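Colleague: Below is one structure. I have some questions about it.
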Amino acid sequence: MQAAVVTAFGPADVFELTELPDPAPGPGQVAIDVTHAAVGLIDVHLRQGRYQDQKGLPQPPYVPGLEVAGTVRALGEGVEGLRVGEPVVTLSGTGAEGGYASVAVADAAMTVGLEGSGVDPALAVAAVPNAATAYLALTEVAHLKPGEHVLVHGALGGLASAFPGVARTLGAAGVTGTVRRPSLERAHASALPYDEVLASDDFAETVGDRRFDVVVDPVGGQVRTDSLRVMAPMGRMLLVGNASGDWQHTAPTNTLWGGNLAILGFAVGFHLPHHPEQARPAARAALEAIRRGLVPIDVQTLPLARAAEAHRRIEQGSVGGRIVLTP
Ligand SMILES: NC(=O)c1ccc[n+]([C@@H]2O[C@H](COP(=O)([O-])OP(=O)(O)OC[C@H]3O[C@@H](n4cnc5c(N)ncnc54)[C@H](OP(=O)(O)O)[C@@H]3O)[C@@H](O)[C@H]2O)c1
């Protein structure tokens, strides 16, 4: 198979397009002929070596890529409910590697059939994993209730942009987004189902007396601090990332009990392996939101050989949607 390999931790030019042996599925796994592989900010952070000391995460040389779409090539021992040739998409379950290749192996429990969904594979890999994450985060962690108001930071980001549509399917009364000022124009032109998108540097003043029941924060840093000022009593702040790179951020815990506030964290890659039974229901909810046009993510495709360019574009913050690699 062809694979884009990260040969060392470092800048994007560490990528090398290489021929590797085709991987075979182990028990409970499937091999997939990849047609589309999603690229995410987490892939960039892993390649830069930000998590190099964390146990269980890949060490160079490795093939990055958490999520793929394609057709089932082979079934491992004991796999039921999927067939060879079936179009599928995977959720990010185990590991953090293998997707940037013409053949990938995934856990069958994290592999979801696309037949009859009406969703094409490029949009599926761009949107299903993040929309399934949004569904799990909003239902299992933030316990979003119908009629509640949601605030989403970094509103146009790959993960964030799945939240407004999924929140709507769960009955949210309103969804507000925030972005940094250079993204405001793009946000106002976006088809994502936000009621409004505000500048992130002064959103806490702009919203006036309005309060939010759920804050979705993949950004961190100052917007995380400012969010505490706009949360409703019994409000939940859902931490799902740290795009700002502010790893020193701390929370004022006495503000939490005094204001009846909660801060919750969710990382799908560390959750689903312990709850694989939640993967398919979440993916079905995601597909339904996508089929209804509620997750209109801008998908940009690039050939696998241009993986380095995909990473550079993410580093420059010039994507505004998702990049998908085609082997
Ligand atoms: N919890 C989970 O299960 C899970 C799953 C996937 C990803 N993640 C995490 O979620 C975060 C976002 O990932 P993604 O793939 O959605 O990334 P992305 O597409 O690059 O989106 C990140 C967004 O953050 C905003 N942002 C604000 N300050 C930023 C800064 N200083 N640098 C870069 N972006 C900044 C940008 O929006 P504006 O510039 O428009 O404001 C950008 O659209 C990452 O930390 C990732 O690791 C978590």
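The values are calculated or read from the model by the stated rules, or taken from the named source; none is laboratory data. Fair warning: this is a prediction, and the values are worked out from it, not measured in the lab. In this analysis, Cβ positions are derived from the backbone assuming ideal geometry, glycine residues included, and neighbour counts consider all displayed protein chains.
Colleague: Can you report the number of residues in the range 5-52 which are part of a loop (DSSP other than H, G, I, E, B) and small (G, A, S)?
Modeller: Matching residues across the range 5-52 total 7.
Colleague: For a quick check of your reading: which strands (runs of 3 or more DSSP E) sit entirely within the range 236-327 and have at least 1 residues that are under 29 Å from D33 (Cβ atoms)?
Modeller: On the way: elements: 262-265, 299-303, 322-326.
It comes to 299-303, 322-326.
Colleague: Select from the range 227-254 the residues that are within 19 Å of K145 (Cα to Cα) and either outside the structural domain of L159 (by TED's automatic domain parsing) or surrounded by fewer than 18 Cβ atoms within 10 Å (Cβ to Cβ) (or both) and list them in ascending order.
Modeller: A232, P233, M234
Colleague: Among the residues of the range 52-60, is any away from the ligand (no atom under 16 Å from the Cβ) and in contact with a strand residue (DSSP E or B) (Cβ under 6 Å, 6 or more places away or on another chain)?
Modeller: yes
Colleague: So, in the range 269-327, exactly how many residues are of a type in the set (V, I, T), surrounded by 18 or more Cβ atoms within 10 Å (Cβ to Cβ) and away from the ligand (no atom under 15 Å from the Cβ)?
Modeller: Number of matching residues: 1.
Colleague: Of the residues R291, R224, R280, R312, which single one is out of contact with any helix residue (DSSP H, G or I) (no Cβ under 9 Å at 6 or more places or on another chain), of a type outside the set (A, V, I, L, M) and more than 20 Å from A142 (Cβ to Cβ)?
Modeller: Selected residue: R291, the only one of R291, R224, R280, R312 that is out of contact with any helix residue (DSSP H, G or I) (no Cβ under 9 Å at 6 or more places or on another chain), of a type outside the set (A, V, I, L, M) and more than 20 Å from A142 (Cβ to Cβ).
Colleague: Out of all the residues in the range 63-74, is one or more surrounded by fewer than 21 Cβ atoms within 10 Å (Cβ to Cβ) and in a loop (DSSP other than H, G, I, E, B)?
Modeller: No: the range 63-74 contains no residue that is surrounded by fewer than 21 Cβ atoms within 10 Å (Cβ to Cβ) and in a loop (DSSP other than H, G, I, E, B).
Colleague: Being away from the ligand (no atom under 16 Å from the Cβ) and out of contact with any strand residue (DSSP E or B) (no Cβ under 8 Å at 6 or more places or on another chain) is the filter here, so list the residues in the range 10-51 that pass it.
Modeller: Matches in the range 10-51: G10, P11, D13, P21, P27.
Colleague: Within the range 123-217, considering only helices (runs of 4 or more DSSP H) that don't extend past its boundaries, which have at least 2 residues that are within 12 Å of the ligand (Cβ to nearest atom) and either within 21 Å of Q300 (Cα to Cα) or modelled with pLDDT of 95 or more (or both)?
Modeller: On the way: elements: 163-169, 184-189, 203-206.
Correct list: 184-189.
Colleague: I'd like the full set of residues that are in a strand (DSSP E or B) and acidic (D, E), limited to the range 107-122.
Modeller: D107
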